[in-house]
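Take a look at the structure below.
The values are calculated or read from the model by the stated rules, or taken from the named source; none is laboratory data. Computed from a predicted structure; not experimentally measured. Every residue, glycine as well, gets a Cβ built from its backbone with ideal geometry; the counts of neighbours run over all protein chains shown. Surface accessibility is based on the protein's heavy atoms, side chains included, excluding ligands, DNA and RNA. Shrake-Rupley method; radii C 1.70, N 1.55, O 1.52, S 1.80 Å.
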Amino acid sequence: MDAALLRRVEQQRVAMLYGNASAVSTSAILMAALMVIIAWPQVPGLNIFGWCVGVVLVQAAGQWLAFAYRRAANAQTEPRTWGMRLANVAFIGGFVWGSAAFVLVGHSQSLTLALISACLASRTTISIMTHAYFPPALHSFAVPVFGLLAVRYVFEGGYGNAALGVLWIAVLGYVLLFVERQARAVAAQIRLRCENEELVDELKRQNALAEQARVRAEEASRSKSRFFAAANHDLRQPLHSLGLFATALRNGSEGRAGIKLVDQILLCTESLEQLFDNLLDISRLDAGQVEVKRQAVPVNAVFDRLRSTFLVPAQEKGLTLRLRRSDAVMNTDSTLLFRMLSNLVSNALRYTTEGGVLVGCRKRGKKLVFEVWDTGMGIPAEQHERIFEEFYQLNNPERDRTRGLGLGLATVRRISNLLEHPLTLRSIPGRGSRFSIEVPVADPERPQSVSATIEQKVPNLLRGKLILVIDDEASVRLGMQSLLESWGCGCVTAMDAPEALTTLGDRVPDFILADLRLRGEDTGIEAIKALRAQLGESIPAVLISGDTAPEQLRKVSAAGLTIMHKPLKAVRLRALLNHEFARAAGAAQRAAAAPAKANA
């Protein structure tokens, strides 16, 4: 036991000793009163008075010492000193109480002596209960009491009295032995309590440090997210403009060399767009902006999409792609599940140089287990968790972009958690890997949903339409205007809603394209609300932004608007506008046909 712990144990023992001072005094006064009653008819009153004065003085000294201890500045630093002071008072008290065997008992008063002896033994027993925490104090009291009792019996004369005197010495020895053991037990309990308190204090300190570390980590994560969102937005802006200019330039190019050069520019922008789209997926998943639409989906419908997507890339690498078809029906979101499986198959093809990839589905009770097997390089066991981290890749220190971005498996893990489809991995380095996804079986009575993609020729409905573009970046406004005008649209651009109203005059736009972040504190959400309030609530509008921050996505969702993320491909923008105008035209036709049906 170290010195600090020994000091704490000593402090506790002495504190307990002084804590019982009041109880000892009360019991002592009561015991003294009983002994006076016993001795009153047998001895002179002066003896009784003198003995009582001695008892009162000893008890008063003990109370005064307890009072001084509670107010002493060195009570905690010098506990042994204070304990010995009370032991000295107890030693004097032992002589005062032990003298009762002489002062309160006359010669040949055997019965009175026996009664007084019993009272003194009871008084010592009380001291055992209150002074055992600090053995010197009890020793100082018990030795004089039992010693004087033994002497008195010896003085009485006779073999029996001498034997009783020896018996009291034996009792004293037993009391001292018992007190020593009791003191060790008390010290052990105090030491254990002190050690537990130290452990609790250390645990609190560690918890406080852990809490501080957690707060710092969360703040660092928030700072990283804010920085990433800002950088993401700022990087998307020029890329978006570049894509718009490149597409407009290609539409106006006539020479083969010029078209080839523009195609290379578009290829570079598409590579950057892929990176931003992957980052956007993760941001949307983290923001809770991905809506899960569970339905009964045939396994083969998902397998057909996988085959059409990856069969040609597998053949180009000289690999086999096998899908074991199944007639089972599952309950899941087919789009999100396909995203998980496509990421796993894409990774498997990317890291497999010979052999192939097998995708299968087996039924286990009320679950369907999708498995993606490959004969690639395998994944060491210590890397099984790290591969699901963003931007982490095995065996790609040069960051070759043809081998992916390190975001596919991070997306898979997030979708797995969102769908509550457990994801497991088994792998043997040098032989291959197997990823498994558990999906619940669908209720056979529920209608099945088979997704089909219908390709159709969509007429160009953009010609002659007036599109309003609101963006605080001049390059974006110019690029968007060049692109829209190349499609035969009219285009009005503005930095904010007031400028748009001024530029439009009496015209009403057919569609509004607004950036989410405008100059200052303005947003595209507020601009669209202001324009609709002035020009009509039915004007269709879409937000375009490079911001992927979760809080911004939640604001857009709360406003009931659609957002498209920069860099926006021209073909997607054109498809969006065609779709909106076709929907509006269909609604107008149905509205016109309704009165005719009513008249008929």
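Counting Lys and Arg as +1 and Asp and Glu as -1, what is the net charge of the other residues whose Cβ lies under 9 Å from the Cβ of residue 494?
-2
Apply the Karplus parameterisation 6.51 cos²θ - 1.76 cosθ + 1.60, with θ equal to phi minus 60°, to every residue of segment 81-87 and state each ³J(HN,Hα) to the nearest whole Hz, in sequence, with x for glycine and proline.
For segment 81-87, the Karplus curve yields 4, 5, x, 5, 5, 5, 5 Hz.
Would you mind working out the accessible area per residue for segment 466-588, using a 1.4 Å probe, and quoting it in Å²?
Normalised by residue count, the accessible surface of segment 466-588 is 43 Å².
Per residue of segment 181-195, in order, report the coupling 6.51 cos²θ - 1.76 cosθ + 1.60 (Karplus, θ = phi - 60°) as ³J(HN,Hα) in whole Hz, putting x for Gly and Pro.
5, 4, 5, 5, 5, 5, 4, 5, 5, 5, 4, 5, 5, 5, 5
Enumerate the amide H contacts of residue 523 below 5 Å, restricted to partners 5 or more residues apart or on another chain; note that Pro and chain-start residues carry no placed amide H.
Long-range HN contacts for residue 523: 518.
Would you grab the residues whose amide H sits under 5 Å from the one on residue 544? Only those 5+ places off in sequence or on another chain, please, with H modelled 1.01 Å from N.
514, 515, 516, 564
Could you run the Karplus curve 6.51 cos²θ - 1.76 cosθ + 1.60 with θ = phi - 60° over segment 521-529 and give me ³J(HN,Hα) per residue in whole Hz, x for Gly and Pro?
Values, residue by residue: 9, 6, 10, x, 4, 5, 5, 5, 4 Hz.
List the residues, sorted by chain then number, that are 5 or more residues from residue 368 or on another chain and whose placed amide H is less than 5 Å from its amide H.
439, 441
How much of the DSSP bridge set in segment 466-588 is antiparallel, in percent, rounded to the nearest 5?
The antiparallel proportion sits near 5 percent.
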